[in-house]
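Here's the structure we're looking at; comments come further down.
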Amino acid sequence: MRIQRGALVVAAVAALVGVPLLGGLALADNKHVSEALEHAKEAVSHGKQGHADALVKHAEGALKHAEAAQKDVKNPHLDEGVKELQAAVEHGKAGHADVATKHAEGAVTHLSEVK
C-alpha cells in the first residue's frame, strides 16, 4: 500500500511538472507559426491595396518564420502555407499584386489551421 501511494505521488508530480514543460515547447514551436500568420495577414492587406513590394516584404517574413516552424512542427497545413508563400513572393516580385494576394490569402488559410 505504501509503495503504491509513493508511486502515485511520483506520477502526479511528474505530470504536474512535465505537462507544462512540454506545453512550453509546443508554444515555442508555434511562435514561428504565429509570426508567419501575422506577416501573411500583412501581406494580404498590402496586396489588396496593390502594393506588391510591401506584400513581398511581408510574405518573405512569413516564409522565414514558416520554414523555421517546419523544423519542429510536422503539419500538412504548414507545408501548404509555405508553398503558398513561395508563390506569393514569386508573383509579387513580378508585380502581380492580385495573384500574389490570392496566394497570401491561401497561406493565411493554411497557417490558421496549424495546431
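Here, each number is a calculation from the coordinates, and none is a lab measurement. Everything numeric here is computed off the predicted structure, so don't read it as measured data. Cβ atoms come from the backbone with ideal geometry, glycine included; neighbour counts cover every protein chain shown.
At-a-glance table
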{"item": "Alpha-carbon Rg with Dmax, taken over segment 31-112, Å", "result": "11.0, 34"}
{"item": "Radius 14 Å from Cβ of residue 39, net charge of other residues (Lys, Arg +1; Asp, Glu -1)", "result": "-3"}
{"item": "Contour minus Cα-Cα distance for residue 98 and residue 68 (0.36 nm per residue)", "result": "8.1 nm"}
{"item": "Members of 71/93; 31/93; 64/115; 48/102; 93/115 lying beyond 21 Å, as alpha-carbon distances in this model show", "result": "71/93; 31/93; 93/115"}
